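> Right, I'll just put the structure down here and ask away after.
The values are calculated or read from the model by the stated rules, or taken from the named source; none is laboratory data. Given the structure is predicted, the values throughout are model-derived calculations rather than measurements. Here the Cβ positions follow ideal geometry from the backbone for every residue, glycine too, while neighbour counts run over all protein chains shown.
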Amino acid sequence: MLSSFRVRLTVVFGLLALLVVVGLVVKQDLGMSRRVLEDRGQALHGIANATADMLAEGMSERLREVTLLAESETLQRRGPDAAAWQVELRRLQQGRPYYTWLGVADADGTVISAHQDLLVGQSVAQRPWFAGGSQAPYIGDVHQAKLLAKLLPASADGPLRFLDYAAPLRRPDGRLWGVLGVHADWRWAQAVITRLRRDNALNSDQIEVYIVDGSGNVILRPPGPSTADDAVPALRADGSAAVLPWAGGGRHLTVGVPLPVHHEALKPLRWTIVVRQPEALMLGEVAAVRHASLALGGTAAALAMLLVWTFAGRLARPLRSIADTARRIEAGDLGARIPVITGSTELSQLSRSLATMTERLAERQAALTHVNRELERRVAERTAELADANALLMAQAMEDALTALPNRRAADLSLRQMLAQHRREGRDMALLLGDVDHFKRVNDTHGHAVGDQVLKAVAAALRSGLREGDFAARFGGEEFVVLLPNTDAAGATVVGDKLRAAVQALAVAPVGRCTISFGAAVADGGRGGAANLLRRADAALYEAKEGGRDRVQVAAAARTHELFDTVMQTHVGDL
């Protein structure tokens, strides 16, 4: 029975049909899989960049808070007054729930004041944050609690881990008398990622975020037992996405980006933000199309075998032409058609049936092509959604949440662009650095909610007083920066007076009249950079404050500042 021509013909033709179908499905599957991985890899890279920017921006803002408090003129004059610092530390902790410990140590490393009096009287001279904070503003890497481990309540999430911030405390004459230190609960980073999920950037398709320190240790992983033992595999050196096997099991599309350096204190951290997504999840839709294609192909092959078995008869020489056509189809020529054989009834019926089968295979291929295009459309839609979410995150990262003005990061970018244009085209460019007068008194007297209303009103007044092409941003705390292209010192004074008058006209209940002081600096022929321009504006702002506030003070030319710095350095060397 198995050696009969009829059986052999049926089996061979069925295998031929399956071969054609499987070849088409494999080719389609490989192309779709590659496109899906490339599109999702770009989307994951955008999410990793947005996450890294928000973490770096958050740490830079926290360090700026600590630095501004350490450089407060009022607290500089008081020096190591434990009672005064106790009030300031309590106020700072109330605004930042992730600040677990805040304290002040004297120059010998003995804690003289701390929130809830934790570690008061104990020495922290050997702690890295004290050594680093004695020299400059400092951010320490993630570490477990040591001295505070027995003093703080245990966490349900495991051992307490801190991220340290510190800044030197100096007297008005510049002499170091202590260090201000803050231990922030590391769960803050998980809260940032949770906020991203709430904004729908990470809320789908099992996207998970890891943070790896400079030594390759995982310092933050997604919650849940399934990731507890995951070790991040070696990433691609060029930062591109790749499907990698993970120690915890499974293969994931993985991408890693370094933490951006928004502040010099971030350089030693060398963190990498790693984002992954299961390969099987991304290729699930491809697998569904593959299964559907195989089912259609199997049905077509079964139909072909049934037709051959039913209508096959005595075949002779006409079979050669049929076989030749079958070989062309096997080679991929789906446009070939089985010729209709005239002569015997059986051969005629067989040839017609085979021709019909070939047409049906072509129709199935057309159906598969339609399904493929539909899947590509759905993949493109999902990729566009991820791109929109990424764009929203980047916009949020450039805007101050309280005043709706651009934030420090956006101001730094605009300042660099304007300075580049100033150097390239030789046009004037000025900068105003403003500080709301007696803002601390507003917070202390009326509370932070009223302080926030004052900041919003000042921001609105600045925004309404700008000329076309000017740029205003909240620089941090109660400080604002205004960039003035094509503006010299006289023009900067006019604009500053206009903005000062607009703020003076405000009436914010229950504060009443508000004022602001401005320091102005003009870019001088490409000398120095953004930091130098800000430093001169800050010096002019200090003069405005010392001169009675509610005024605009223009900084001396850059060359005057350079001569002053040279003289000061010479005298310091003589001492």
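> Give 122, 126, 116, 135 a once-over and let me know the one that is within 31 Å of the chain's Cα centre (by Cα) and among the polar types (S, T, N, Q).
Exactly one residue qualifies, and that residue is 135.
> Among the residues of the range 251-269, which ones are over 22 Å from residue 216 (Cβ atoms) and either touching an Asp or Glu at 6+ places or on another chain (Cβ under 8 Å) or buried (at least 22 other Cβ atoms within 10 Å of the Cβ) (or both)?
Selection gives 262 alone.
> Scan the range 361-376 for residues that are out of contact with any Asp or Glu (no Cβ under 8 Å at 6 or more places or on another chain) and either surrounded by fewer than 17 Cβ atoms within 10 Å (Cβ to Cβ) or more than 11 Å from residue 297 (Cα to Cα) (or both) and jot them down. Write out each step before concluding.
Here is the first cut: in the range 361-376, the ones out of contact with any Asp or Glu (no Cβ under 8 Å at 6 or more places or on another chain) are 361-374, 376.
Those that are out of contact with any Asp or Glu (no Cβ under 8 Å at 6 or more places or on another chain) and either surrounded by fewer than 17 Cβ atoms within 10 Å (Cβ to Cβ) or more than 11 Å from residue 297 (Cα to Cα) (or both): 362, 363, 366, 367, 369, 370, 371, 372, 373, 374, 376.
> List every residue pair whose Cβ atoms lie under 6 Å apart, where the two residues are 6 or more positions apart in sequence or sit on different chains, the first residue falls within the range 99-110 and is on the phi < 0 side of the Ramachandran plot, and the second residue, located anywhere, is outside any loop (DSSP other than H, G, I, E, B) and among the acidic types (Asp, Glu).
Sorted first by the residue in the range 99-110, then by its partner, the pairs are 100/185.
> Taking the conditions exactly as written (surrounded by 18 or more Cβ atoms within 10 Å (Cβ to Cβ), out of contact with any Cys (no Cβ under 8 Å at 6 or more places or on another chain), aromatic (Phe, Trp, Tyr) and at pLDDT below 95), does residue 518 satisfy them or not?
For residue 518, the condition - surrounded by 18 or more Cβ atoms within 10 Å (Cβ to Cβ), out of contact with any Cys (no Cβ under 8 Å at 6 or more places or on another chain), aromatic (Phe, Trp, Tyr) and at pLDDT below 95 - is not met.
> What's the number of the only condition in (1) surrounded by 18 or more Cβ atoms within 10 Å (Cβ to Cβ); (2) in a loop (DSSP other than H, G, I, E, B) that residue 481 fails to meet?
Failing condition for residue 481: (2).
> Do we have residue 411 as surrounded by 20 or more Cβ atoms within 10 Å (Cβ to Cβ), at pLDDT 90 or above and part of a helix (DSSP H, G or I) here?
yes
> Would you mention how many residues in the range 504-524 are free of Cβ contacts under 8 Å to residues at least 60 places away in the same chain and more than 13 Å from residue 555 (Cβ to Cβ)? Walk me through how you get there before you give the answer.
As a first pass, look at the range 504-524 and keep what is free of Cβ contacts under 8 Å to residues at least 60 places away in the same chain: 504-509, 512-513, 524.
After this cut, where a residue has to be more than 13 Å from residue 555 (Cβ to Cβ) as well, the list is 504-509, 512-513.
Number of matching residues: 8.
> Next question. When you scan the range 163-196, how many residues do you find that are free of Cβ contacts under 8 Å to residues at least 60 places away in the same chain and in a strand (DSSP E or B)?
Residues in the range 163-196 being free of Cβ contacts under 8 Å to residues at least 60 places away in the same chain and in a strand (DSSP E or B): 1 in total.
> Name the residues in the range 270-288 that are more than 15 Å from residue 44 (Cβ to Cβ) and either modelled with pLDDT of 90 or more or buried (at least 20 other Cβ atoms within 10 Å of the Cβ) (or both), would you? Give the derivation first.
Going through the range 270-288, the residues more than 15 Å from residue 44 (Cβ to Cβ) turn out to be 270-271, 280, 284-288.
Listed by number, the residues that qualify are 270, 271, 286.
> Please tell me if residue 266 is part of a helix (DSSP H, G or I), farther than 16 Å from residue 50 by Cβ and modelled with pLDDT of 85 or more.
Taking the combined requirement at face value, the residue satisfies it.
> Okay, next question. Would you point out the residue of the range 39-82, among those that are assigned to a helix (DSSP H, G or I) and of a type in the set (S, T, N, Q), that is nearest to residue 171 (Cα to Cα)?
Ranking the qualifying residues of the range 39-82, first place goes to 76.
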